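Taking it in order: structure first as structure tokens, then the write-up.
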Amino acid sequence: QQQVKQSPQSLIVQKGGISIINCAYENTAFDYFPWYQQFPGKGPALLIAIRPDVSEKKEGRFTISFNKSAKQFSLHIMDSQPGDSATYFCAASNGDSSYKLIFGSGTRLLVRP
Amino acid sequence: DAGVTQSPTHLIKTRGQQVTLRCSPISGHKSVSWYQQVLGQGPQFIFQYYEKEERGRGNFPDRFSARQFPNYSSELNVNALLLGDSALYLCASSLGWREQPQHFGDGTRLSIL
């Protein structure tokens, strides 16, 4: 119940294309859903986050879509650039114990020039 | 402003040894969490500290311990190191105990020989 399942494991997109990464969860008590971007040798950097009271949040080229009934959320990267090539992690936390982030297994994104 | 800083950057130890990792949170942040990231996986929660008290603990053995100092910096200690402890150890800070987001440092890469 504490798992967050992320797909795909890896993704190759052409420059200018849309990258889509999906996550699914079981625990309906989760109330905070961030996405982190991690480059090799670096720590995860917060990209964008959403709470279940909204279905979509957009920041620049990054959009989170949230489907509460399906218990799924996804990250869309519009106009993908080679500099977006990194590993992306979705995560979730429970309001009763919101100190703890439960991470997905990660998606390695490669954007080809 | 400085982000979360961790030291050392890299560390090589042998089985059975003990190690201490250090973390300084973002200025103004009072909560520090530790995560372990094994190569190719998402980070896993180890501890959270707030106001020098442990507020949460993940599924890790008692060989793992931590503490937080009055200036909100933190140390993670691991005793009797095993080969399986080889990982990137990440520190994250947030404003308060149950507050998001958490901002990560670049981690300490620990290798056990």
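Listed values, structure above:
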item: Options B:Gly28, B:Gly40; residue that is over 10 Å from the mean Cα position of the chain (by Cα) and closer than 30 Å to A:Ser7 by Cα; result: B:Gly40
item: Matching residues, region B:60-86, being buried (at least 21 other Cβ atoms within 10 Å of the Cβ) and hydrophobic (A, V, I, L, M, F, W, C); result: B:Ala66, B:Leu76, B:Val78
item: Among (1) at the interface with another protein chain (Cβ under 10 Å from one of its Cβ atoms); (2) crowded, with 22+ Cβ neighbours inside 10 Å, the one test that B:Arg55 misses; result: (2)
item: Residue selected from region B:1-31 under the condition in contact with a Cys (Cβ under 6 Å, 6 or more places away or on another chain) and not in a loop (DSSP other than H, G, I, E, B), by the criterion nearest to A:Ser10 (Cα to Cα); result: B:Gln6
item: Selection count, region A:1-53, where residues are more than 22 Å from A:Leu110 (Cβ to Cβ), in a loop (DSSP other than H, G, I, E, B) and of a type in the set (D, E, K, R); result: 3
item: Residue list for region B:50-91, filter: within 15 Å of the chain's Cα centre (by Cα), closer than 19 Å to B:Leu39 by Cβ and outside any loop (DSSP other than H, G, I, E, B); result: B:Phe64, B:Leu76, B:Val78, B:Asp85, B:Ala87, B:Leu88, B:Tyr89, B:Leu90, B:Cys91
item: Residue check for A:Lys68: among the charged types (D, E, K, R) and at the interface with chain B (Cβ under 9 Å from one of its Cβ atoms); result: no
item: For A:Lys57: the one exception among (1) assigned to a strand (DSSP E or B); (2) of a type outside the set (Val, Ile, Thr); (3) under 30 Å from B:His10 (Cβ atoms); result: (3)
item: Where B:Ser27 falls short, out of the listed (1) farther than 19 Å from B:Gln102 by Cα; (2) open to solvent by 70 Å² or more (accessible area, probe 1.4 Å); result: (1)
item: Qualifying residues in region B:92-113 (those that are open to solvent by 10 Å² or more (accessible area, probe 1.4 Å) and part of a strand (DSSP E or B)) - the one nearest to the other protein chains (Cβ to nearest Cβ); result: B:Phe104
item: Scan of region B:36-49 for residues that are open to solvent by 10 Å² or more (accessible area, probe 1.4 Å), facing chain A (nearest Cβ under 7 Å) and assigned to a strand (DSSP E or B), ordered by number; result: B:Phe45
item: Verdict on A:Ile77 being in contact with a helix residue (DSSP H, G or I) (Cβ under 7 Å, 6 or more places away or on another chain), more than 10 Å from chain B (Cβ to nearest Cβ), modelled with pLDDT of 95 or more and farther than 30 Å from B:Ser7 by Cα; result: yes
item: Subset of region A:37-72 (residues that are under 20 Å from B:Glu99 (Cβ atoms) and open to solvent by less than 30 Å² (accessible area, probe 1.4 Å)); result: A:Gly43, A:Pro44, A:Ile48, A:Ala49, A:Ile50, A:Ile64
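The values are calculated or read from the model by the stated rules, or taken from the named source; none is laboratory data. Predicted model only: the values in this text are computed from it and were never measured. Note that each Cβ is placed from the backbone with ideal geometry, even for glycine, and that neighbours are counted across all protein chains shown. Keep in mind that these areas ignore ligands, DNA and RNA; they rest on the heavy atoms of the full protein, side chains included. Shrake-Rupley method; radii C 1.70, N 1.55, O 1.52, S 1.80 Å.
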